[in-house]
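Taking it in order: structure first as structure tokens, then the write-up.
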Amino acid sequence: MINEQKLILKSPAKINLGLKIIKKRDDGYHEIETIFQMVSIFDTLTFRNLQSRIVLKTDQDKLPIDETNLVDKAGKLLQQETGTQKGVEIFLEKKIPVGAGLGGGSGNAAFTLMGLNKLWKLHLKKKDLMKLAITLGSDVPFFLSGYYAAIGKGRGEILIPFENRSNIHVVVVSPNIYVSTGSIYKELNLGLTSNSKDINILRALLVKGRIAELGSYLYNDLETVVCKRYPALNEIKKKLMNSGAVGALVSGSGSSVFGIYLQQKTARKATTELISKEWQVFLTETIN
């Protein structure tokens with residue numbers, strides 16, 4: 001008999017306030033240092049018990065619903081690792097743009113692991129879920145960790161949380177450009193990246209609430225590569241700065257660009273000014 005129990009989870013986006021690429025690793029990935037910060041743009045995942053099968057549905061016609069989607073992959077990985085015969089129907093309502101450097105897919109995978117662990121009553125511990133998370137993607141452990149802000153090292157899976165008490169107003173602009181993270185890393189020239197950037201300065205400014213100073217310390221070693229390929233991102237950065245942002249940066253490997261603001265009214269005004277047919281604009285804030 002099918003159990004009609006339902007579970008609904010909100011999966012947030014993230015931005016990278018700093019991203020340093022240190023070196024290429026022997027496993028093909030890159031050693032990084034970054035600051036992950038969750039922001040209040042959410043996808044919604046609705047889980048309903050089924051018998052044995054995993055069925056993924058979504059409100060986005062162009063989004064794959066097969067094993068190439070991290071939600072489907074996470075569910076099947078959990079079945080495989082635990083041997084459970086339980087199934088699920090998952091409805092994914094997308095608000096976070098895809099391929100935009102905001103971690104939407106990684107967050108969806110993490111919340112699928114958490115949601116199915118609860119729905120299926122698997123009673124897996126957090127450390128067990130974290131081991132599965134890293135096999136799905138480098139950003140997935142952050143979303144599973146329960147931390148709202150953290151330094152990420154290694155591939156991004158080594159997490160050092162810190163308390164960001166500042167309520168930072170953020171405007172995220174996402175052009176209709178899908179960026180492949182792997183392709184951006186392939187074009188990266190490590191000899192041209194800066195070794196002088198210090199992730200701890202950014203962390204200290206966030207902890208102390210010195211947001212006005214934050215803008216001049218934002219950095220992303222991937223930004224030069226992605227902006228060269230997509231010049232429109234430079235235009236978006238300029239528009240954010242001209243609208244009153246204290247700093248603006250490409251998030252992750254792009255294509256989203258975010259600006260940080262001291263006052264909500266300035267951020268709200270900027271959002272109105274930046275609305276365009278060519279991109280999505282989100283008025284958001286850090287989750288603390």
request  = List every residue pair whose Cβ atoms lie under 6 Å apart, where the two residues are 6 or more positions apart in sequence or sit on different chains, the first residue falls within the range 274-287 and is within 20 Å of Tyr178 (Cα to Cα), and the second residue, located anywhere, is in a strand (DSSP E or B) and of a type outside the set (A, V, I, L, M).
outcome  = Trp279/Ser174; Trp279/Pro175; Gln280/Ser174
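Yes/no matrix, rows are residues, columns are (1) outside the structural domain of Asp198 (by TED's automatic domain parsing); (2) modelled with pLDDT under 95; (3) out of contact with any helix residue (DSSP H, G or I) (no Cβ under 7 Å at 6 or more places or on another chain); (4) buried (at least 23 other Cβ atoms within 10 Å of the Cβ):
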{"site": "Asn108", "(1), (2), (3), (4)": "yes, no, no, yes"}
{"site": "Leu124", "(1), (2), (3), (4)": "yes, no, no, no"}
{"site": "Ser138", "(1), (2), (3), (4)": "yes, yes, yes, no"}
{"site": "Ser145", "(1), (2), (3), (4)": "yes, no, yes, no"}
Any hit, the range 267-287, residues being surrounded by 15 or more Cβ atoms within 10 Å (Cβ to Cβ), in a helix (DSSP H, G or I) and among the small types (Gly, Ala, Ser) = yes
ask   = Does any residue of the range 232-254 turn out to be assigned to a loop (DSSP other than H, G, I, E, B), crowded, with 19+ Cβ neighbours inside 10 Å and out of contact with any helix residue (DSSP H, G or I) (no Cβ under 9 Å at 6 or more places or on another chain)?
value = yes
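Against the condition outside the structural domain of Gly101 (by TED's automatic domain parsing), assigned to a helix (DSSP H, G or I) and touching a residue at least 40 places away in the same chain (Cβ under 8 Å), how does Thr224 come out, does it pass? Spell out how you get there, then give the answer.
On the way: outside the structural domain of Gly101 (by TED's automatic domain parsing): yes; assigned to a helix (DSSP H, G or I): yes; touching a residue at least 40 places away in the same chain (Cβ under 8 Å): no.
No: the conditions fail for Thr224.
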query = In the set Gln85, Gln80, which member is at pLDDT 95 or above and either assigned by TED's automatic domain parsing to the domain that holds Phe143 or over 27 Å from Ile177 (Cα atoms) (or both)?
reply = Gln80
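The values are calculated or read from the model by the stated rules, or taken from the named source; none is laboratory data. Values in this document were obtained by computation on a predicted structure and should not be read as measured data. For neighbour counting, all protein chains shown are included, and Cβ atoms are generated from backbone atoms with ideal geometry for every residue, glycine included.
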